[in-house]
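Structure record follows, encoded as structure tokens.
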Amino acid sequence: MTSARLVVIEDEPAIRRGVVDALSATGYDVSEAADGEAGLKKALAADVDLVLLDLMLPKRDGFSVLNEIRKSKPTLPVIILTARGSEDDRVRGLKMGADDYVVKPFSARELLARVEAVLRRSNRPVETCTARLGRATIDLNRREIVWSEEERGELSETESSILLFLLQHRHRAVSRDEILTHIWGIETTGLETRTVDMHIARLRTKLRDPNGEALEAILTVRSHGYMAGPDLVPIDADQYEESSA
Ligand code: CA
């Protein structure tokens, strides 16, 4: 069995060592970098499965690294490592397409749980799932939105998982906690529900018709959560029925 390849980008030697040791001991194939430039190079290597990214880094900061990763590898899972109290950084990182975050100081157990959850999502068995949104076709396996020959967009692993979850429950609203538990598999706290909001905001931007046609892809259900909008329609509806309905 081949183990997942992880890249750890962190400039503080003690934290980097702790993270690398914990991951290596679990059997992951881990490489490390102490600054943003070296880290970006390693993250963009062909066979990387997941990146752990500190935000405050010498040479190139984590936001810039994340931005570059998202340009050439929109679906590569990225978990950001943030300092306690820097909520703005977390929100900014999630807005830029990070899949998840852990707050320093974190335990090895917490880190491993987050890494496993993100990897589990990206290795999920292929399901047939395509949907229509206005003139666009959304292929959730390929994580692609096709508006026309020339206009295409890509979804991250997390974004396509959320979209699939909304489609699977499209006759009702799903709560932020449900989304968190299903997608991230973690216990929920007040702060973490914002993770969902950030991903939904990013998804909505990606689901905007470049021609400006107004489409209702994802509805906000006040004081509850979200729901697939009337313009987001599964192509093969049978596959999306909830068995408990
Ligand atoms: Ca740092």
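The values are calculated or read from the model by the stated rules, or taken from the named source; none is laboratory data. Since this is a predicted model, take the numbers as computed values, not measurements. Cβ sites come from the backbone with ideal geometry, for glycine too, and all protein chains shown count toward neighbours. SASA here: full protein model, heavy atoms, side chains in, ligands and nucleic acids out. Shrake-Rupley method; radii C 1.70, N 1.55, O 1.52, S 1.80 Å.
Brief remarks on what is shown
- Close amide H contacts of Glu32 (hydrogens built in the peptide plane, cut-off under 5 Å, sequence separation of 5 or more or a different chain): Val8.
- Of the GluC sites (Glu not before Pro) in region 79-150, the ones in a loop by DSSP (not H, G, I, E or B) with at most 16 other beta carbons within 10 Å are Glu127, Glu149, Glu150.
- Within the accessible area of the chain (1.4 Å probe), percent carbon and sulfur: 49
- Checking the cross-link pairs Lys42/Lys73; Lys73/Lys95; Lys71/Lys104; Lys59/Lys206; Lys104/Lys206 against a 23 Å limit on the alpha carbon distance flags Lys71/Lys104; Lys59/Lys206; Lys104/Lys206 as lying beyond it.
- Asp88/Glu37 FRET efficiency (R0 22 Å; Cβ-Cβ; nearest 0.05): 0.35
- Charged side chains reduced to their Cβ positions (Lys and Arg at +1, Asp and Glu at -1) give region 1-48 a dipole of some 140 debye around its Cα centre.
- Peptides 39-50, 75-86 ordered by average Cβ neighbours within 10 Å, highest first: 75-86, 39-50
- Peptides 135-143, 13-21 ranked from most to least packed, by the mean per-residue count of other Cβ atoms within 10 Å: 135-143, 13-21.
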